[in-house]
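Structure record follows, encoded as structure tokens.
Read-outs throughout are calculated quantities, based only on the coordinates presented, and are distinct from any laboratory measurement. Keep in mind it's a predicted model, so treat the numbers as computed, not measured. Ideal geometry is used to build each Cβ from the backbone, glycine not excepted, and the neighbour counts take in all protein chains shown.
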């Protein structure tokens, strides 16, 4: 595909940032655009596994906290309806109700497993927001038994929010290869470290398992060959 074709189908505004970072070299711009996509593609297995691990770790911990494997359904009218959550428009409760409606439309029976499956990463990271965290007495932090003692809710929130925002950039096809106007994958590398830290805090074997699927750094190294 020629640069003109790529520009036509991708759009000039989207490519211009790549072009400027490559010193107006169209051949380098095309290579950088491909590298950016390859790096984003390489994140998918790690992100998918990480989201599954953290979702289940938090869910299991809250199951212990409430002594109820169906708490995600049964807590709609309990802590999820606490008046203190009105400022957040009862985010958790609203999310569960929407998930239930979606399941009903498929003609399936509402079960906890189906409701869990309907929720995106942001639902689970929301348990570390101060208003939710307080109501569940900090239980989500117990999902990370191997974390250093200095790691608190604020530390976890910082890492999870950075991962979530980066994840959204990937899933919305936004570039992940820049810092300002320069080609820089520092944020991508930081997110990898964040993911590895959190997985090891859950269970060190999780990182070892995902290493088999992780070729992100080898894709990033290609940017040095531009």
To the nearest 10 degrees, the tilt of helix 26-66 (Cα long axis) against the first principal axis of the alpha carbons of the chain is 10
The FRET efficiency for residue 150 and residue 67, from their Cβ-Cβ distance with R0 = 22 Å and rounded to 0.05, is 0.15
Using Cα pairs closer than 8 Å and at least 6 residues apart in sequence, work out the relative contact order for the chain, in percent. 27
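Could you grab the Rg to Rh ratio for region 1-58? Cα atoms only, Kirkwood for Rh.
1.22
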So how tilted is helix 12-21 from the main axis of the chain? Cα-based, degrees 0 to 90, rounded to 10. 70
So, with points 7 Å from each Cα along the Cβ direction, the residue 174-residue 209 label distance in nm works out to 3.0
I need the P(r) histogram for the chain: all alpha carbon pairs, bin width 10 Å from 0 out to the longest distance, whole percents. 7, 28, 28, 21, 13, 3, 0
Rounded to whole Å, give me the distance from the Cα center of region 135-157 to that of region 34-48. 28
Semi-axis lengths (Å, descending) of the ellipsoid that matches the C-alpha gyration tensor of region 183-224: 22, 12, 4
Relative to 2.2 N^0.38 Å, what does the C-alpha radius of gyration of region 1-125 come to as a ratio? Two decimals please. 1.59
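If Rh is defined by the Kirkwood formula over all Cα pairs and Rg also comes from Cα, what ratio Rg/Rh do you get for region 43-87? Intermediate results must be reported in sequence, preceding the final value.
On the way: Rg = 13.8 Å, Rh = 12.1 Å.
That ratio equals 1.13.
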Could you identify which residue out of 81, 11, 182 has the top mean-square fluctuation in a GNM of the chain using Cα springs shorter than 10 Å? 11
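Relative contact order of region 8-99: what whole-number percent is it, with Cα pairs under 8 angstrom and at least 6 residues apart? Let's see the in-between values first.
Details: 26 pairs, mean separation 11.2, N = 92.
Relative CO of region 8-99 lands at 12 percent.
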GNM on the chain, C-alpha springs below 10 Å: top fluctuator among 92, 46, 135? 135
For region 97-226, compute the orientation-averaged projected area of the C-alpha convex hull (one quarter of its surface), in nm². 11.0
Can you tell me which of 172, 65, 196 moves the most in a GNM of the chain? Springs connect C-alpha atoms under 10 Å apart. 172
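Given the DSSP H assignment, sum -39500 (n - 2.57) over each helix run of at least 4 residues in the chain and divide by its residue total; what's the result at 222 nm in deg cm²/dmol, nearest 500?
Values: 12 runs with 145 residues, N = 226.
Per the formula, -20000 deg cm²/dmol.
How big is the Cα convex hull of region 103-152 in projection, averaged over all directions, in nm²? It would help to have the intermediate numbers written out before the result.
Numbers: hull surface 18.9 nm².
Convex hull of Cα atoms, orientation-averaged projection: 4.7 nm².
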